[in-house]
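The values are calculated or read from the model by the stated rules, or taken from the named source; none is laboratory data. Owing to the predicted nature of the structure, the values given are computational and were not obtained by experimental measurement. Neighbour counts are summed over all protein chains in view; Cβ atoms, including those assigned to glycine, are modelled from backbone coordinates with ideal geometry.
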Amino acid sequence: MRKTIVAGNWKMNGTSESIRTLLDGIKAGVPAVDGLVTLVCPPAVYLYQVKKQIGDAPVAVGAQNVSAQPKGAFTGEWSLEMLQDLGCEYVILGHSERRSLFGETDADVADKVAATLAAGLIPILCVGETLAQRDAGETLALVAAQVDAVVQRIGIECFASVVIAYEPVWAIGTGLTATPEQAQEVHAAIRAQLAGSDAKIADKLSILYGGSMNAGNAAELLAQQDIDGGLIGGASLKADEFLTICAAAAESRK
Ligand code: PEP
């Protein structure tokens with residue numbers, strides 16, 4: 001069975017105190033279920049604090065971005081070695097905010113995926129279309145091209161270790177959510193695309209949905225055959241709501 005992953009993307013939110021409180025709340029109710037990964041991705045400056053506070057709790061830690069460069073004169077960046085040093089296991093890459101606000105291209109994202117894998121961390125590769133692209137009927141082709149950029153750069157084998165997050169840009173932080181059918185269609189298309197090269201790898205790949213997933217809609221989304229978890233922004237900043245999504249994910253494995 002594929003891994004189910006519930007990942008909280010805290011974006012650029014919180015202070016040391018509010019993060020301590022949020023994590024205490026998550027730790028108090030996080031389910032320990034075989035095959036379910038609960039992951040939090042705090043702002044990089046709080047990774048050390050968060051990792052320390054987690055202790056033995058079944059919560060993994062991820063970063064929201066990383067440089068593809070190993071070290072040197074890259075002011076304001078951080079490296080994979082630093083993330084390893086802090087005990088980070090996952091890195092979100094190619095989030096639509098990185099693509100649209102910071103100009104990351106498919107090629108940049110593919111380089112970061114390659115570097116992350118080489119360092120032994122797990123990339124969460126974000127893909128997804130804008131509303132204009134969906135309205136123009138370009139969703140499946142666009143998402144396929146975003147996935148293909150990584151296949152071409154690194155090879156299909158890398159998807160044995162990569163997690164994909166399908167995040168329609170129009171649903172991120174907007175309160176709009178893809179319907180379970182819309183999300184399932186894209187998830188199934190991604191899996192079929194990769195299955196064309198390697199059916200086993202495609203079958204084992206965890207594909208998360210992201211875009212205004214919350215306590216109210218998680219169960220229905222997670223019940224879809226090809227939705228293997230969620231990448232959650234706003235709703236991950238409230239422990240109760242995040243835990244409700246984790247519980248729905250645990251339930252979806254039964
Ligand atoms: C995200 O940032 O990856 C995200 C899905 O945000 P939200 O849940 O707030 O839409």
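Name the single residue that is farthest from the ligand (Cβ to nearest atom) among those in segment 167-187 being outside any loop (DSSP other than H, G, I, E, B) and closer than 20 Å to His95 by Cα. Full working, then the answer.
Narrowing segment 167-187 to residues outside any loop (DSSP other than H, G, I, E, B): 169-171, 180-187.
Narrowing further to those that are closer than 20 Å to His95 by Cα: 169-171, 182-184, 186-187.
Values: Val169: 10, Trp170: 10, Ala171: 6, Gln182: 15, Ala183: 12, Gln184: 17, Val186: 14, His187: 15 Å.
So, considering only residues that are outside any loop (DSSP other than H, G, I, E, B) and closer than 20 Å to His95 by Cα, the one farthest from the ligand (Cβ to nearest atom) is Gln184.
State which residue is farthest from Thr174 (Cα to Cα) when the search covers only segment 202-236 and only residues that are near the ligand (Cβ under 7 Å from one of its atoms) and in a strand (DSSP E or B).
Across segment 202-236, the extreme among qualifying residues is Leu231.
Of all residues in segment 123-166, how many are among the small types (Gly, Ala, Ser) and assigned to a helix (DSSP H, G or I)? Please lay out each step first, then the result.
Taking segment 123-166 and keeping what is among the small types (Gly, Ala, Ser), we get 128, 132, 136-137, 141, 144-145, 149, 155, 160-161, 165.
Next, from what is left, pick out any that are assigned to a helix (DSSP H, G or I): 132, 141, 144-145, 149, 160.
Count: 6.
Just give me the residues in segment 4-19 being in a loop (DSSP other than H, G, I, E, B) and either under 18 Å from Cys126 (Cα atoms) or modelled with pLDDT under 95 (or both), in sequence order.
Initial filter on segment 4-19 (in a loop (DSSP other than H, G, I, E, B)): 10-15.
Across segment 4-19, the qualifying residues are Trp10, Lys11, Met12.
Within segment 1-26, can you find the residues that are more than 16 Å from the ligand (Cβ to nearest atom) and among the basic types (Lys, Arg)?
Arg2, Lys3, Arg20
So is Lys204 of a type in the set (Lys, Arg) and at pLDDT 95 or above or not?
Working: of a type in the set (Lys, Arg): yes; at pLDDT 95 or above: yes.
Against the criterion (of a type in the set (Lys, Arg) and at pLDDT 95 or above), Lys204 qualifies.
Could you check segment 3-52 and list, in sequence order, the residues that are in contact (Cβ under 8 Å) with a residue 12 or more places away in the chain, over 16 Å from the mean Cα position of the chain (by Cα) and under 18 Å from His95 (Cβ atoms)?
Answer for segment 3-52, where residues must be in contact (Cβ under 8 Å) with a residue 12 or more places away in the chain, over 16 Å from the mean Cα position of the chain (by Cα) and under 18 Å from His95 (Cβ atoms): Asn13, Gly14, Tyr46, Leu47.
Among all residue pairs at least 6 apart or on different chains, which show Cβ distances below 9 Å where the first residue, located in segment 241-254, is at positive phi and the second is surrounded by fewer than 19 Cβ atoms within 10 Å (Cβ to Cβ)?
none
Name the single residue, out of those in segment 78-136 being in contact with a strand residue (DSSP E or B) (Cβ under 9 Å, 6 or more places away or on another chain) and among the β-branched types (Val, Ile, Thr), that is surrounded by the fewest Cβ atoms within 10 Å (Cβ to Cβ).
So the residue we want is Ile122.
Might you check whether a residue that is more than 16 Å from the ligand (Cβ to nearest atom), surrounded by 13 or more Cβ atoms within 10 Å (Cβ to Cβ), more than 17 Å from Ala118 (Cα to Cα) and without any contact (Cβ under 8 Å) to a residue 24 or more places away in the chain occurs anywhere in segment 143-153?
No: zero hits.
Can you name the number of the only condition in (1) at pLDDT 95 or above; (2) within 21 Å of Val91 (Cα to Cα); (3) of a type outside the set (D, E, K, R); (4) over 14 Å from the mean Cα position of the chain (by Cα) that Ala195 fails?
(2)
Can you find, within segment 21-38, the residue that is modelled with the highest pLDDT among those that are over 18 Å from Val50 (Cα atoms) and crowded, with 17+ Cβ neighbours inside 10 Å?
Applying the filter and picking the extreme gives Leu36.
Go through (1) closer than 21 Å to Lys11 by Cβ; (2) out of contact with any strand residue (DSSP E or B) (no Cβ under 9 Å at 6 or more places or on another chain) for Ala60 and report which single condition fails.
(2)
Being in contact with a Pro (Cβ under 6 Å, 6 or more places away or on another chain) and either over 28 Å from Ala160 (Cβ atoms) or not in a strand (DSSP E or B) (or both): is that true of Val45 here? Step through it out loud before you land on a result.
Values: in contact with a Pro (Cβ under 6 Å, 6 or more places away or on another chain): no; either over 28 Å from Ala160 (Cβ atoms) or not in a strand (DSSP E or B) (or both): yes.
When the stated conditions are applied, Val45 does not pass them.
Determine if segment 93-109 includes at least one residue that is in contact with an Asp or Glu (Cβ under 9 Å, 6 or more places away or on another chain), of a type in the set (Asp, Glu) and more than 16 Å from the ligand (Cβ to nearest atom).
Checked against the condition, which is being in contact with an Asp or Glu (Cβ under 9 Å, 6 or more places away or on another chain), of a type in the set (Asp, Glu) and more than 16 Å from the ligand (Cβ to nearest atom), segment 93-109 yields at least one hit.
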